[in-house]
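Since every read-out is calculated from the coordinates, none of them should be taken as a lab result. On a predicted model such as this, the values are computed, not experimentally measured, just so you know. When we count neighbours, we look across all protein chains shown, and the Cβ atoms used for this are built from the backbone with ideal geometry, even at glycine.
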Amino acid sequence: MLSVIRSQDKYPWLVENLRPRENGALKDALDHQFVEVRHALLRDLLRRSADRLWLSHHYSRHYPEGRHLSPQEFNRVCDFCGNETHCWRYEDSCIGLPSRDMVMCSRCGIVADEPAEKEIEIRLEPVRKLEGTSHRHRLVIHNRSNRHVQLSFFLQFHHWKQLGIEQNTAISDASIEPGGSIEKRFT
């Protein structure tokens, strides 16, 4: 259903742009439905990524072009270890899928899998040392766009599970004004 709506809405603009702007029962009902759809998609993503598969393992077959970006096009060090990174860009000139960048570090592996044109910036503080069976982690989400954004998200740390550290993968919701940020802490 979303693919049909998005095709009419000139994807990649979010289907939420179709909802009525004025407050009322219809807007409230549609907002509730959008949250339910986002949560269903995230539960499916959580299930699919339980064995450490990155999104790129699922979507790369839908992109006819994949290319390594030159150092002039992409020059960034790893946020976790400081080593040089390399970026593969997946592009589609046929049906208009938005381009995606997969960033790889020679030490850490895949460190980012994100849209090439970012409307949302997500920052996690690097964890240098884990102690005990619980840890509080800070997440900051910044809306780089010029529109109000409603989103749903979760955090999943595969290495924590391997170390016996429990993680809360509950889905959270946020509403962020243009240029605004939110901060969340997860255990």
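Relative to the Cα centre, what is the charge dipole magnitude of the stretch 53-117, using +1 at the beta carbon of each Lys and Arg, -1 at the beta carbon of each Asp and Glu, and rounding to the nearest 20 debye?
200
Short version: ³J(HN,Hα) in whole Hz for each residue of the stretch 96-102, in order, from phi by Karplus 6.51 cos²θ - 1.76 cosθ + 1.60 (θ = phi - 60°), x for Gly and Pro, what are they?
My calculation for the stretch 96-102 gives x, 4, x, 5, 10, 10, 10 Hz in order.
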